[in-house]
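The values are calculated or read from the model by the stated rules, or taken from the named source; none is laboratory data. Since the model is a prediction, treat every value here as computed from it, not as a measurement. Ideal geometry is used to build each Cβ from the backbone, glycine not excepted, and the neighbour counts take in all protein chains shown.
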Amino acid sequence: MVALSGMAPDIDGLGIIVDKATGLTNYYQAYHHYLGHSLFSALVIASIASAIATAQRKVVWLLSFAVVHIHVLCDVIGSKGPDGYHWPVYYLYPLNPDYELTWQYQWELNAWQNHLILACLLGANFYYAAKMRITFLEVISRKLNDGALAMYDRYVRKVA
């Protein structure tokens, strides 16, 4: 639930599908970084995650609230467009739609910094999965989790 909460702010980017399919709309530009990237959305996402959780609801709420803010922070520091546009986050939307979070040193979304962060997080994820014998696939199915760990045992541990 917490991992999904960290991705949930980008639900406001799904307008790009309609934009590409119709060629008539501009939902992605109009709503991305507005609807899912605000304090209000962090409260809603954390509350939904907590309501769905079957255990440790307070912990799920707190961690979900935190990962939404980590997502927002990452967007503020590293999601500049290839055209140089510093894409702001409208953190107080809908209460104050004019308040923008932006950083003058924001790097592009496909910059080396984001690639390095991704590589480090993937490495940590694989290490944790191997050490604790649990993967993100457990959210979908225990059988998928066990299958991924069996592949790891078969191919990676064998080599090491």
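Summary table
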read-out: Filtered residue count, segment 95-152, keeping only those that are farther than 21 Å from residue 32 by Cβ and β-branched (Val, Ile, Thr); value: 4
read-out: Test for residue 139: is it of a type in the set (A, V, I, L, M, F, W, C), in contact with a helix residue (DSSP H, G or I) (Cβ under 9 Å, 6 or more places away or on another chain) and modelled with pLDDT under 90; value: yes
read-out: Residue ranges of helices (runs of 4 or more DSSP H) in segment 14-125 with at least 1 members free of Cβ contacts under 8 Å to residues at least 12 places away in the same chain and loosely packed, with under 11 Cβ neighbours inside 10 Å; value: 15-22, 57-78
read-out: Out of 29, 56, sole residue that is more than 16 Å from the chain's Cα centre (by Cα) and either closer than 20 Å to residue 3 by Cα or not assigned by TED's automatic domain parsing to the domain that holds residue 2 (or both); value: 56
read-out: Unique match (being at negative phi, out of contact with any strand residue (DSSP E or B) (no Cβ under 7 Å at 6 or more places or on another chain) and among the charged types (D, E, K, R)) among 80, 58; value: 58
read-out: Given (1) out of contact with any Gly (no Cβ under 8 Å at 6 or more places or on another chain); (2) in contact (Cβ under 8 Å) with a residue 24 or more places away in the chain; (3) in a helix (DSSP H, G or I), number of the condition residue 8 does not satisfy; value: (1)
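Yes/no matrix, rows are residues, columns are (1) out of contact with any helix residue (DSSP H, G or I) (no Cβ under 6 Å at 6 or more places or on another chain); (2) of a type in the set (Gly, Ala, Ser); (3) farther than 21 Å from residue 5 by Cα:
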{"site": "92", "(1), (2), (3)": "yes, no, no"}
{"site": "95", "(1), (2), (3)": "yes, no, yes"}
{"site": "101", "(1), (2), (3)": "no, no, no"}
{"site": "108", "(1), (2), (3)": "yes, no, yes"}
